[in-house]
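Only the coordinates and a few stated rules stand behind these numbers; no lab work does. All figures in this text were calculated on a predicted structure; none of them were measured in a lab. Ideal geometry is used to build each Cβ from the backbone, glycine not excepted, and the neighbour counts take in all protein chains shown.
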Amino acid sequence: MSEALKQQLPKASWDLVEDLLSQNAFDIKIKKERKTRHGDFRQLPNGESQITINSNLNPFRFLMTLVHEIAHFKAYDKYGKFIKPHGKEWKQTFQHLMLPFIRPEIFPDDILPLLAKHFKNPKASSDSDKALALALKQFDEPNDKTFIFEVPEGASFRLYNGRIFKRGIKRRVRIECLEIATGKIYLFNPNAEVDLI
């Protein structure tokens, strides 16, 4: 395991991650922040596998993202390319791979019960789990961003790309928001980070 990768992970996880990496053949790249994802897995045209992870993630989110992407690799390898990206094969693989990491030596005590609950049925993104996302956010570098679920209904906010929206009602899971410039309605993940106006 590279020194760059070690610096991104909780120290107590190093041996488990090393073991996981030694069993699999893929390349890991640490990338600059991408607004739309924490990481990804892909098969390259030459047949090799690649995992990328954002460098700005706190160590606990980085570890979860790494294991999330390794689960994609292992599910793809075992079940083939025609499975759903976050279907039952991936969920079972992610649960199995993540279980050894859910320990007090690796994660803070207040996050452990949230992880246990989350991994009963893991979602495509830990950001979809409001309680877990908030608990993990406390370990992020401070920023002036606000979660959409914290934005009052009717208030305006700006995305990283400059687009301005007005927050609407919450549907079952997502929040309806009106883009000011176009009048179009978009559905947002409640844990998306935005700038209040």
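If packing is taken as the average number of other Cβ atoms within 10 Å across a peptide's residues, how do 35-44, 136-145 rank, most packed first?
35-44, 136-145
Please state the relative contact order of the chain as a whole percent: Cα pairs under 8 Å, 6+ residues apart?
Computed value for the chain: 14 percent relative contact order.
With a point put 7 Å past each Cα toward its Cβ, work out how far Q138 is from S22 in nm, to one decimal.
With each label point 7 Å from Cα toward Cβ, the separation is 3.5 nm.
Once Lys and Arg get +1 and Asp and Glu get -1 on their Cβ, which of F73, V17, Q7 lies farthest toward the positive end of the dipole of segment 3-137?
Value: F73.
Report the far tail of the P(r) of segment 1-153, meaning the percent of Cα-Cα pairs longer than 29 Å.
Counting every Cα pair in segment 1-153, those more than 29 Å apart make up 14 percent.
Order of 90-102, 58-70, 21-33 by packing, highest average Cβ count within 10 Å first?
58-70, 90-102, 21-33
Starting from the coordinates of the alpha-carbon atoms of segment 101-197, obtain the Kirkwood hydrodynamic radius over all distinct pairs and give the value in Å to one decimal.
14.7
Among the listed pairs K88/K145; K35/K91; K6/K74; K81/K184; K29/K117; K88/K170, give every one whose C-alpha distance is greater than 26 Å.
Check vs 26 Å cut-off fails for K88/K145; K81/K184; K29/K117; K88/K170.
At a temperature of 4 °C and a viscosity of 1.567 mPa s, determine how fast segment 146-196 diffuses translationally according to Stokes-Einstein, using the Kirkwood radius over alpha-carbon pairs as Rh; express D in µm²/s, rounded to the nearest whole number.
123
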